[in-house]
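Written out below as structure tokens is the structure these notes cover.
The values are calculated or read from the model by the stated rules, or taken from the named source; none is laboratory data. Keep in mind that what you see is a predicted model, and the values were worked out from it rather than measured. Heads up, the Cβs are rebuilt from the backbone with ideal geometry, glycines too, and the neighbour counts pull from every protein chain shown.
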Amino acid sequence: MSAALAEKPHEDPDAFKKGEAVIIVRDLKNGFGEQMVHDGLDLQVKKGEILGVVGGSGTGKSVLMRSIIGLQQPLSGEVEVFGEPMIGREEHEAREIRKRWGVLFQGGALFSTLTVAENVEVPLREYYPSLDEALLDQIANYKVAMSGLAPEAGAKFPSELSGGMRKRAGLARSLALDPELLFLDEPTAGLDPIGAAAFDDLIKGLKETLGLTVFLITHDLDTLHAICDRIAVLADKKVVAIGTIPELLALDHPWIQEYFNGPRGRAANETSERHAHDDPAENQKRRDAALNSAGGDTVAQNGTENPGGEDR
Ligand SMILES: Nc1ncnc2c1ncn2[C@@H]1O[C@H](COP(=O)(O)OP(=O)(O)OP(=O)(O)O)[C@@H](O)[C@H]1O
């Protein structure tokens, strides 16, 4: 689908064939008191894609995610996930749909009095109360490993983790129920560049191996270049454009031009072009090295904080 400035109130409802769109948002309106956050927002997320959601601070990216997952009651509009209407559903119906997605909130949103493994077990206990303790532990350990944490991390409390480890622990919990769809709210915010690149690789790897669809809110230009299939731009209370980076760059929209063509945007583009010409084996080595030096494993093994790097 090519990028288009959404001058009309509704995105093309036939943009994807039936069943191809995992999320459909139509004519969404959200507001708080006098302030309208969304006014006629349309969006479709295609099965199997990583959709990056960008926009200036306060444009309503998190409110959009909260509306889709049912934590924010919109003023009006429609939200469909997996072909199921979400607004006004009975709790027991919504629960069955919720089971099919995982969410990583900005700070990880871990329970501070539970260990990482116990945090991962929370959704398992909620949805499968008859699972025995041994199986719960086994599943939790598996999810901890999938998230790139060392086995020792499962027994740690969130306060004993670095920022990078907390993100991975939150990711482990979001994977607990084998989701088809992942919501990630600024997953690389606050990570040093190496840790952020390793996290990007982890998400991309999970998407490819598990066939996940990913709704990814981010400000991180490197993430957009490295792993997003398409990008939706929020501005003026709606999705003003959606497409690949080259498609967005072809648009004459001041925020888009400033964002992708400003100094940071150009630097991210150059980095991604450089990596596109890398040898795949070298890329793998780079990823392994990044993973080993990222906050995650290092901290899990020696219990010390990730030696600081600047946030990206
Ligand atoms: N519960 C709430 N009550 C009142 N206003 C809210 C509430 N939640 C969000 N808002 C307002 O809605 C607007 C959009 O917030 P949101 O958190 O979605 O922005 P965002 O695009 O995710 O921003 P950022 O990039 O800074 O995280 C903001 O002006 C915010 O103050």
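Collect the residues in region 59-110 that are closer than 22 Å to LEU171 by Cβ, assigned to a helix (DSSP H, G or I) and either within 16 Å of the ligand (Cβ to nearest atom) or modelled with pLDDT of 95 or more (or both), keeping them in residue-number order. Passing the criteria: LYS61, SER62, LEU64, MET65, ARG66, ILE68, ILE69. Of all residues in region 202-217, one or more are within 16 Å of the ligand (Cβ to nearest atom), in contact with a Lys or Arg (Cβ under 9 Å, 6 or more places away or on another chain) and assigned by TED's automatic domain parsing to the domain that holds LEU43. Applying the selection to region 44-58, what residues are closer than 19 Å to LEU206 by Cβ and more than 10 Å from the ligand (Cβ to nearest atom)? Result: VAL45, LYS46, LYS47, GLY48, GLU49, ILE50, LEU51, GLY52. Only residues that are over 23 Å from the mean Cα position of the chain (by Cα), part of a strand (DSSP E or B), within 12 Å of the ligand (Cβ to nearest atom) and of a type outside the set (A, V, I, L, M) were counted in region 29-43, giving 3. The one condition from (1) touching a residue at least 40 places away in the same chain (Cβ under 8 Å); (2) crowded, with 24+ Cβ neighbours inside 10 Å that ASP201 does not meet is (2). Of the residues LEU149, LEU171, which single one is within 21 Å of VAL54 (Cα to Cα), outside the structural domain of ASP222 (by TED's automatic domain parsing), more than 16 Å from the ligand (Cβ to nearest atom) and in contact (Cβ under 8 Å) with a residue 24 or more places away in the chain? Result: LEU171 is the single residue among LEU149, LEU171 that is within 21 Å of VAL54 (Cα to Cα), outside the structural domain of ASP222 (by TED's automatic domain parsing), more than 16 Å from the ligand (Cβ to nearest atom) and in contact (Cβ under 8 Å) with a residue 24 or more places away in the chain. For PHE183, the criteria (1) within 16 Å of the ligand (Cβ to nearest atom); (2) in a helix (DSSP H, G or I) hold in every case but one, which is (2). For ILE97, the stated conditions hold: it is surrounded by 14 or more Cβ atoms within 10 Å (Cβ to Cβ), free of Cβ contacts under 8 Å to residues at least 40 places away in the same chain and more than 20 Å from GLY243 (Cα to Cα).
Among the residues of region 117-143, the ones that are among the hydrophobic types (A, V, I, L, M, F, W, C) and either under 18 Å from TRP101 (Cβ atoms) or not in a helix (DSSP H, G or I) (or both) come to 5 in all.
Which condition number does ASP236 fail, the rest of (1) modelled with pLDDT of 90 or more; (2) charged (D, E, K, R); (3) within 20 Å of the chain's Cα centre (by Cα) being met? The single condition ASP236 does not satisfy is (3).
Could you list, in sequence order, all residues of region 91-116 that are more than 17 Å from VAL144 (Cα to Cα) and in contact with a Lys or Arg (Cβ under 8 Å, 6 or more places away or on another chain)? Result: ILE97, GLY107.
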